[in-house]
Amino acid sequence: MRILASIASVLFFSVVAAAQGIDCAGLLKIDASSLPAVKTALTSATVNAARAAQGNVSALPEHCEVQGKINERTGANGQQYAIKFHLRLPTAWNGRFFFEGGGGSNGNLGNALGNLQGQQRTNALALGYAVVSQDSGHDNQTNNDPNRNGTVTFGFDPQARLDFGYNSYDQVTQLAKALIARHYGRAPERSYYVGCSEGGREAMMMSQRFPSYFDGILACAPGFNLPKAALFGHAWDAQALAEVAKAQGVYDRFGQPFLNKTFTDEDLDLAAQAVLSACDGLDGLEDGIIDNLQACTPVVVSPKLNTIACKGPKRVTCLSTGQITALQKIFAGPKNSKGEMLYADWAWDRGIGGKIGEAFNQGWRIWKMGAYDSGTNSAIIAGLGAAAVSAVFTTPPTTITSTGAGPLAHLLGIDVDRDTMKVAAKSGEFTQSALDFMMASSTDLTAFTKRGGKLLIVHGVSDPVFSIKDTMNWWTEVNRVNTGRAEEFVRLFAVPGMNHCAGGPATDQFDAFTALVNWVEKKVAPDRIITTAGNGSPWPGRTRPLCPYPKQARYKGSGSIEDAANFICAEPGGAR
Ligand SMILES: [Ca+2]
């Protein structure tokens, strides 16, 4: 009997072992030709013990950490390229797959912990998800030629452009799902893509180009029109600010207009307070938050800006006419000489400035103009932005040096009439235009919705990089082509005051990911997402509901204005 039981026990555990698939180290022995991605090489697979919380990183469970690369090759100018990926497979797996989107122009492997966005303290790995991140086919350490636009050197390689635009996400999704299935003995039951900025673009792109891959997608501050934002929007902004710098006579040591010096922090705060005074009460409550963003139009804001215009010389308590004109030009959005909009206008909001000296004052300006005290031109749109415009978002790619006067001079030299076609151009070995491989602006989500996919978008109203107006326009068009039924599968949540992905005078701590999972798995559509203001905001601990656009948060009229429970999501226009 005892022997029989022992044999049965062995058999039983063999079956269980087979169902559990290949152990961590065993993954290295998988025949690469049996995997779905091109020329896959697994370089490491090790078990990491559970770890207690460290600093800002939450406690991590025991997991198998896998690294490897796809399609290693020699590309343009002798550069070595590969799509490098990073996969973490928790021992106590929850049956789900989480793809962590990238940021900037990528080129970083990512830590594959699974950033949930919304400044959450936990991460997807800690919640039991199998998580993958990747570098999108180029490496900022090695594919970094200072004479060919630095970290966007990859723009000179046709395949690396496609990998960055869409191909790497396709390859890595297929590969990660296959490795998950081999390791656990079963495929993931649910798959999620989560990212902000470029990662938000990737997220939206997946819903359009690869609609069968993900059940739920969280796209924050999505750059779905990235080439247009960079080539037209950011050049337009830099040129508007350059006019201010020239009028003020401020230049950097390379002789370029010094954008950083065009507005002091106090100047931006003056502008922010003027916008606030124009629009705060339009939602029925003067609480420092502009919820009725649809009503906060240029017509409403301009009279208030005029009240802070200097009557004589520039003083700390007023803005020069040139400064006000530049802000108005920036917010109106880039237009060509025929008056056609080339990207989008921007929402007037208080997040362009903030309390002096606080970190949240910097979110808007570090992108548009750079910190005031910087010794060199440091606007991110002029640095990374210009390098990417010349190397990646125009065809053929053009060379600028990644230092000195190069980036800003390039941006200031862009002629929106003359250069429009370069974003749509193909040339020689570059068989796809930047619009072809980068855009994620399709309003046809039919395939994604047919499989039951849900897309949740969160966007800061004071985002200086990608305009929420562009996202609002996109959602409105999706809603139109779906005869008013877009909310069944795509919801946009605006965060007043919030800058790019986080920060600003805003309630910017939210768990949109759980809202997405509940939407996908429990069919509970998110009618509101509670968000909290952090210590860097004017009102630490304040809570608010984020509302699905076009609805807005409205005070009920009684109870603490610090508590989301006293706010409803109302149709726009109906200020209490
Ligand atoms: Ca208000």
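Within the stretch 287-301, the set of residues being within 21 Å of Leu241 (Cα to Cα) and either surrounded by 15 or more Cβ atoms within 10 Å (Cβ to Cβ) or touching a Cys at 6+ places or on another chain (Cβ under 7 Å) (or both) comprises just one member, Val301.
At least 1 residues being over 24 Å from the mean Cα position of the chain (by Cα) and within 16 Å of the ligand (Cβ to nearest atom) is the threshold, and among the helices (runs of 4 or more DSSP H) wholly inside the stretch 262-347 those reaching it are 265-279, 298-307. On the stretch given as the stretch 57-75, residues that are in contact with a helix residue (DSSP H, G or I) (Cβ under 8 Å, 6 or more places away or on another chain) and either surrounded by fewer than 19 Cβ atoms within 10 Å (Cβ to Cβ) or among the β-branched types (Val, Ile, Thr) (or both) total 4. Kindly evaluate Ala494 against the criterion of being in contact (Cβ under 8 Å) with a residue 12 or more places away in the chain and open to solvent by less than 40 Å² (accessible area, probe 1.4 Å). For Ala494, the condition - in contact (Cβ under 8 Å) with a residue 12 or more places away in the chain and open to solvent by less than 40 Å² (accessible area, probe 1.4 Å) - is met.
The number of residues in the stretch 229-261 that are part of a loop (DSSP other than H, G, I, E, B) and either under 17 Å from Ile380 (Cα atoms) or among the aromatic types (Phe, Trp, Tyr) (or both) comes to 4. Where helices (runs of 4 or more DSSP H) fall wholly inside the stretch 110-209, the ranges with 1 or more residues that are more than 28 Å from Arg491 (Cβ to Cβ) and at pLDDT 95 or above are 158-162, 168-184. Among residues of the stretch 268-291 that are free of Cβ contacts under 8 Å to residues at least 60 places away in the same chain, those with a beta-carbon under 7 Å from a residue that is away from the ligand (no atom under 11 Å from the Cβ) at least six positions away or on a different chain give the pairs Ala274/Lys304; Ala274/Leu305; Ala274/Thr307; Ala274/Ile308; Ser277/Lys304.
Whether any residue in the stretch 245-261 is within 14 Å of the ligand (Cβ to nearest atom) and within 30 Å of the chain's Cα centre (by Cα) is what I want to check. Within the stretch 245-261, not a single residue is within 14 Å of the ligand (Cβ to nearest atom) and within 30 Å of the chain's Cα centre (by Cα). Among the conditions (1) closer than 30 Å to Tyr169 by Cα; (2) surrounded by 24 or more Cβ atoms within 10 Å (Cβ to Cβ), the only one that Asp215 does not satisfy is (2).
Phe232 satisfies every condition listed in (1) more than 16 Å from the ligand (Cβ to nearest atom); (2) modelled with pLDDT of 95 or more; (3) under 26 Å from the mean Cα position of the chain (by Cα) except (2). Pairs meeting the criteria (first residue in the stretch 340-366 and open to solvent by 50 Å² or more (accessible area, probe 1.4 Å), second residue modelled with pLDDT under 90 and among the small types (Gly, Ala, Ser), beta carbons under 8 Å, at least 6 apart or on different chains) are Glu358/Gly536; Ala359/Gly536.
The values are calculated or read from the model by the stated rules, or taken from the named source; none is laboratory data. Everything quoted here is computed from the prediction, not taken from an experiment. Note: ideal-geometry Cβ built from the backbone for every residue, glycine included; neighbour counts use all protein chains shown. Protein only, heavy atoms only, side chains kept; ligands, DNA and RNA dropped before computing areas. Shrake-Rupley method; radii C 1.70, N 1.55, O 1.52, S 1.80 Å.
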